[in-house]
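For reference, the structure is listed below as structure tokens.
The values are calculated or read from the model by the stated rules, or taken from the named source; none is laboratory data. Predicted model only: the values in this text are computed from it and were never measured. Methodologically, a virtual Cβ is constructed for each residue, glycine included, from the backbone with ideal geometry; neighbour enumeration extends over all protein chains shown. Quick note on the areas: whole protein, heavy atoms, side chains included, nothing else; ligands and nucleic acids left out. Shrake-Rupley method; radii C 1.70, N 1.55, O 1.52, S 1.80 Å.
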Amino acid sequence: MEFIKKNFHYLLLLSSVFFLGNPSKFPSDDGFFYPQIAYNLVNHGFMGFNDLYLTNGFHPLWMVFCVVAELINPSDKFFALNILWLFQVLLVLFGYILLEKTVFKESKMGKILSLAFYCLMFFSLGTLYLIEAHLTFFTFSLIIFFMCKRFTNDFAFGLICSLVFLARLDHVFVLIPFGFLYWNFRKWSIKSLGLMIVGFLVLALPYLLSNYYLFDNFVPISGRIKSSFPDFQPDIHLEFFPKIFVGCGILYFIFLCFNKKDTYRAVKFSFLIGSLLQLIYNLLFQSEIGQWYFVSQMFFCGLFIYDVANSLFNKTFEKWSFDKIIFAGALIFVCGIAWLKLTTSFSIQNNVFASHSKLEKKSNDLVRQTAQEFEQEIPKKTRIYVYDFPGKFAFYSDFNVIPADGLVANKQYFNDMKSGNFKNFMIKNDIKYLLFPTHFHTKHETQGFLALHVDSRTDDYVFKLRNTLRKTIIDSLKESELTKIKSYVNPIKTWQPQYDSVSVYQLKN
């Protein structure tokens, strides 16, 4: 009974159960890259998203979990999602337990509010499912636990840093302040530095060298495509989430400056500074940023929420059972958001804080539904070139999907995507079909996607193909050069409302 009384806030994890009602409704499309590649690796011995290109377009540590899930999967392909869900819930649970042993020790109210925030971001909103985010949460908790306990095992510190790095590579920025802080603990000893580096390289070096050997570059192909470093992004502006995290980061920095009694202030400062470094890098140099780029910022927001609650709410509130009232409200809220995600087209960026799309009742995921409808028109195992949402389309069908953006391809794909060579690329690689967006609302401008620009100013659309690695238009196709097989209602209208349908085409002979 005492255990339940102390740990009732963990019931907030019930918000994750809604995922099991319809796994396709929750994750971003990129989340399906991982189980698709893991499925191909385990069942076909090929580390590729499709049967055409070997790829390293993923963060390696989470892929290990995905491969394990597929290896122990006792049922069909789709059951692996349930195993991955369990892994992700456990990673958040164990990560939070580590935080409770250090930075979340005192305030019951702080524990409720911080865990409610994490459950909202990692479970209720759903975007981060199947992505490396939950694993990253655990690795952050692990390194903070290590630092707060002031352990002095240099090799172990380096090894934990490598786990943070391999969980998501751009979190190397988070490690930089931690490295200096830990080395300061160790009195700037050169021997300690050497052991830290050795511990880091034990796991990180084989990964980096294998990348270079197989793919001619130390970083994944997806990172090379999205990064413009050392050139700034041509269009830098703050969207909803970056604005929130920049504001919270500044406020938390000011809060820590005044909260001098905090035992773990140096550790929190280090994490906050590293996270802001990562945020600045991504805003300046990365394109097509998704919510999974902001996990370190979500993490420090949870720390901030706890610290504020710990400062504002004293033991008197808990004696009045005020904490239980807050818990009940938080549980209803996080489960309510998850229920909306399960039953509607709920999107915080598109139909809550913006009016890009309508909040509509939808019990099915339209991408999954459309992918399965394609199978009535197109032979199974066929290769099809897809302009967007390739993850769900591939996972929920039997096609070999070639994503136009090349995020899960390799250098051969971009060598094939030469100027004026797109038709030959299709013929050479036996790609039978193309999936393009159609029926745009505006006729006076070109519509841009990562790998495709569509000139819709005339009835004869012009599809301009883009090499995303070299960031150049390499070829174009007029709609009149294609045979339309069938059109379908735009399955991602919630996020891309500017067109009404997608169409399957074949090249004309």
- Task: May I ask you to verify whether SER114 is among the polar types (S, T, N, Q), open to solvent by less than 10 Å² (accessible area, probe 1.4 Å) and under 27 Å from PHE58 (Cβ atoms)?
- Result: no
- Within region 342-379, can you find the residues that are more than 27 Å from SER487 (Cα to Cα) and either modelled with pLDDT of 80 or more or open to solvent by 50 Å² or more (accessible area, probe 1.4 Å) (or both)? GLN349, VAL352, PHE353
- Item | Where a residue in region 117-139 is assigned to a helix (DSSP H, G or I) and its partner, wherever it lies, is open to solvent by 10 Å² or more (accessible area, probe 1.4 Å) and of a type in the set (Ser, Thr, Tyr), with Cβ under 9 Å and at least six apart | MET121/THR127; ALA133/THR127
- Query: Taking the condition assigned to a helix (DSSP H, G or I), under 23 Å from TYR385 (Cβ atoms) and of a type in the set (D, E, K, R), does ASP30 pass?
  - Reply: yes
- Hits in region 157-187 - residues which are assigned to a helix (DSSP H, G or I) and without any contact (Cβ under 8 Å) to a residue 40 or more places away in the chain: ILE160, CYS161, VAL164, PHE165, VAL172, GLY179, TYR182, TRP183, ASN184, PHE185
- Message: Looking only at residues that are more than 32 Å from the chain's Cα centre (by Cα) and under 18 Å from ALA266 (Cβ atoms) in region 163-203, which one is most open to solvent (accessible area, probe 1.4 Å)?
- Response: LYS187
- Query: Which condition number does PHE58 fail, the rest of (1) surrounded by fewer than 22 Cβ atoms within 10 Å (Cβ to Cβ); (2) in a loop (DSSP other than H, G, I, E, B) being met?
  - Reply: (1)
- Message: Looking only at region 245-255, how many residues end up being without any contact (Cβ under 8 Å) to a residue 24 or more places away in the chain and surrounded by 11 or more Cβ atoms within 10 Å (Cβ to Cβ)?
- Response: 3
- Query: So, of the residues in region 412-429 that are touching a residue at least 60 places away in the same chain (Cβ under 8 Å) and not aliphatic (A, V, I, L, M), which turns out to be nearest to LEU214 (Cα to Cα)?
  - Reply: GLN412
- Message: Looking only at residues that are open to solvent by less than 50 Å² (accessible area, probe 1.4 Å) and part of a loop (DSSP other than H, G, I, E, B) in region 273-294, which one is modelled with the highest pLDDT?
- Response: GLY290
- Task: Go through the residues of region 42-51 one by one and say whether even a single one is open to solvent by less than 60 Å² (accessible area, probe 1.4 Å), assigned to a helix (DSSP H, G or I) and at negative phi.
- Result: yes
- Message: Can you say whether VAL454 is within 17 Å of SER222 (Cα to Cα) and modelled with pLDDT of 90 or more, as far as the supplied structure shows?
- Response: no
- Query: In region 188-238, what residues are assigned to a loop (DSSP other than H, G, I, E, B), farther than 16 Å from HIS59 by Cβ and touching a Gly at 6+ places or on another chain (Cβ under 9 Å)?
  - Reply: none
- Query: Can you spot a residue in region 387-409 that is farther than 23 Å from GLN498 by Cβ and of a type in the set (D, E, K, R)?
  - Reply: yes
- Item | Residue selected from region 29-41 under the condition open to solvent by less than 20 Å² (accessible area, probe 1.4 Å) and not aliphatic (A, V, I, L, M), by the criterion nearest to the chain's Cα centre (by Cα) | GLY31
- Item | Residue among LYS464, LYS508, LYS432 that is surrounded by 14 or more Cβ atoms within 10 Å (Cβ to Cβ), touching a residue at least 24 places away in the same chain (Cβ under 8 Å) and among the charged types (D, E, K, R) | LYS432
- Quick one: LEU142 ticks every box in (1) touching a Leu at 6+ places or on another chain (Cβ under 9 Å); (2) crowded, with 22+ Cβ neighbours inside 10 Å bar one, so which box is it? (2)
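Inspect region 62-75 for any residue being assigned to a loop (DSSP other than H, G, I, E, B), touching a residue at least 60 places away in the same chain (Cβ under 8 Å) and more than 23 Å from the chain's Cα centre (by Cα) and give the result as yes or no.
Let us first name the residues in region 62-75 that are assigned to a loop (DSSP other than H, G, I, E, B), namely 73-75.
Remaining after also requiring touching a residue at least 60 places away in the same chain (Cβ under 8 Å): none.
No.
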- Task: Test PHE151 against the criterion of being under 25 Å from ASN7 (Cβ atoms) and surrounded by fewer than 23 Cβ atoms within 10 Å (Cβ to Cβ), and give yes or no.
- Result: no
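For region 140-156, enumerate the residues that are assigned to a helix (DSSP H, G or I), more than 26 Å from PHE87 (Cα to Cα) and either touching a residue at least 60 places away in the same chain (Cβ under 8 Å) or not acidic (Asp, Glu) (or both).
The answer is PHE155, and nothing else.
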